[in-house]
Structure formats: C-alpha cells, structure tokens
Amino acid sequence: MKQWHLFLLAILLLACNSNKDKTPGSSADQPAAKKEAIPAAVTLLYKSVAHYPDSVGLRLKLVDALDSAGGYRPALAQLDSLITKDSLNFGLWYRKAQVQEHIKDTSGALKSYHYAARIYASPDALLAMANLYAEQKDNRALQLCQQVETLRLGREYTAHLSFISGIYYARTGHSQKAIGYFNRCIANDYTYMEAYMEKGFVYYDDKKITEALHIFKTAATVKNTYADAYYWQAKCYEALNNKPEAIKNYQASLMLDPNIPEAIAALKKLGVD
C-alpha cells in the first residue's frame, strides 16, 4: 500500500491489502514471533522498559520493534497497558488498530480506529476505517471518503480516497465505477501502483484479458521493478495462450522477487524448471 501522511502506513497495502488474494506470495495469516526468535534489539528494549516502566517513548519503541518482528500479541499487550493509563490518547488507539490489522482482526481494528477518531477525527484515521469498510463491501467506506474529500487536503489525499472508493466498487461488482475511481486516483498520482493493479484485476476478472494486459504493462513502465506487474502480465499471456511471453514475464517477476511461489509453480506447469 502507499505510504500515507502522518501515521498511516500502506493501506492498500493492507489495500492492495486491497485485494490480498491477488498478491502473489501473500499469506492470510502471519504467526506471532516465537519467543526464541525475538531479535536481540527487542530483548534489549524489554530490559530498558523494565528499568524505566513509565517511559512511554520506550514502550512505543518496543511496540514498533515487536510489530516489525511479528510479535503482534505482545505489541498489543504493551499498547493495552499504555491505553489503560491514557485512554484519550489518539496515537495509542491508532497504533493499536494498525497492529490489529496485521493480525487480520478487522473488527478489532475498526473499533480501535473509531475510538481514535472520536478523540481526533484525523483524515488518516477516517481513511483507514474507509479502507477496511471497502474490503467488507460496506458503503460506510464511501461516506468516510466523502467526509475526507470535503476537507480539500490536496492531490495526495484525493488519490487515496479515490483508490478506496474504487476498491469498494470493485468488491461490490460495479466494474465501470471502480475503473473510473482508479483512473481518478492515477490522475492525481501516476505512481500509485496499487491503482494500476486493481484496475487490471477488474478487467481480468471481467475476462477482458487484452485490456488487463495493457494496464499491467503500463504499471511495469511506470515502475519497472514492480514484480507483481510482470507476474500479472504473465497470467494474461498464459490466458491468451502465449506461452513464450508468459514464461518470460514469470521469470522477470522472480528476478525482482524470488519469493513468489505462484510464479515458480506456473513455470513448472509450463515446463520450465
């Protein structure tokens, strides 16, 4: 997902976390880090927190380190402890929601974002909620996007809210409306890769393979190191029975990201070891 202003991390890519099933190599769940796998830096932070238990800054550094290491449950425990002492802190609720997203606790994340937004209705919190609602096919996504749009925050935010609106319409089967919003997103940020990909997915799902291929080629032109764009070109070429181009693009995707098992399996199916 894109990097959002202030606290907001890549939605989309919880976006493109927008369409997790179409992201090669994605996993629906990531297990929390085992205790023995915790990096030394995290262990040191635990020791520092033990010495200075009232330091909010240290606690948040520990949360960030645990989150990065996949230790989501311990990170949530730290945040819950901080929230108990400061329940009106927007940043703590916002950070909790982000960690809950990482463990696929959508209902918990929405609840935490709502708490955060009650304290301070930041556009980032509203868009984070909208993103989750869009994936759930809930039209509250559109209401929140409209609320943010009235703030007139500039092209960056217009791109984000257009993308989320596009996700809602794509998930609810309104292909033309979805494409219109993805086009609007790209018009405000031509490097918004997730918008290209989602637009391509709409065409692909509608069996418009040639149109989808054109979009994925465009994405690879805008960012020639974007592995997914080559992977999906290969999928299109395979659907069009163009085996040589499919092989070439599967291989290109693996050169950029060797950890795409779907591409490896596709090459094997096409007779390439």
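The values are calculated or read from the model by the stated rules, or taken from the named source; none is laboratory data. Predicted model, so just to flag it, every value in this text is computed and none were measured. Ideal geometry is used to build each Cβ from the backbone, glycine not excepted, and the neighbour counts take in all protein chains shown. Keep in mind that these areas ignore ligands, DNA and RNA; they rest on the heavy atoms of the full protein, side chains included. Shrake-Rupley method; radii C 1.70, N 1.55, O 1.52, S 1.80 Å.
Filtered by the rule that a residue be aromatic (Phe, Trp, Tyr) and part of a helix (DSSP H, G or I), segment 43-81 gives 46, 72. Being over 29 Å from residue 44 (Cα atoms) and open to solvent by 20 Å² or more (accessible area, probe 1.4 Å) is the requirement here; does residue 73 meet it? In short, no.
To keep it simple, each residue is scored yes or no on (1) touching a Pro at 6+ places or on another chain (Cβ under 6 Å); (2) under 30 Å from residue 141 (Cβ atoms); (3) open to solvent by 30 Å² or more (accessible area, probe 1.4 Å).
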site: 176; (1), (2), (3): no, yes, yes
site: 188; (1), (2), (3): no, yes, yes
site: 194; (1), (2), (3): no, yes, no
site: 197; (1), (2), (3): no, yes, no
site: 238; (1), (2), (3): no, no, yes
site: 250; (1), (2), (3): no, no, no
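Here residue 228 meets the list (1) touching a Gly at 6+ places or on another chain (Cβ under 6 Å); (2) open to solvent by 20 Å² or more (accessible area, probe 1.4 Å) almost entirely, failing just condition (1). Filtering segment 120-140 to residues that are on the phi < 0 side of the Ramachandran plot and in contact with a Lys or Arg (Cβ under 9 Å, 6 or more places away or on another chain) leaves 129, 130, 133, 134, 135, 136.
Filtered by the rule that a residue be within 24 Å of residue 240 (Cα to Cα) and under 20 Å from the mean Cα position of the chain (by Cα), segment 173-192 gives a lone residue, 179. Taking segment 90-157 and the helices (runs of 4 or more DSSP H) fully enclosed by it, the elements with 3 or more residues that are open to solvent by 20 Å² or more (accessible area, probe 1.4 Å), under 30 Å from residue 59 (Cα atoms) and at pLDDT 95 or above are at 90-102, 106-119.
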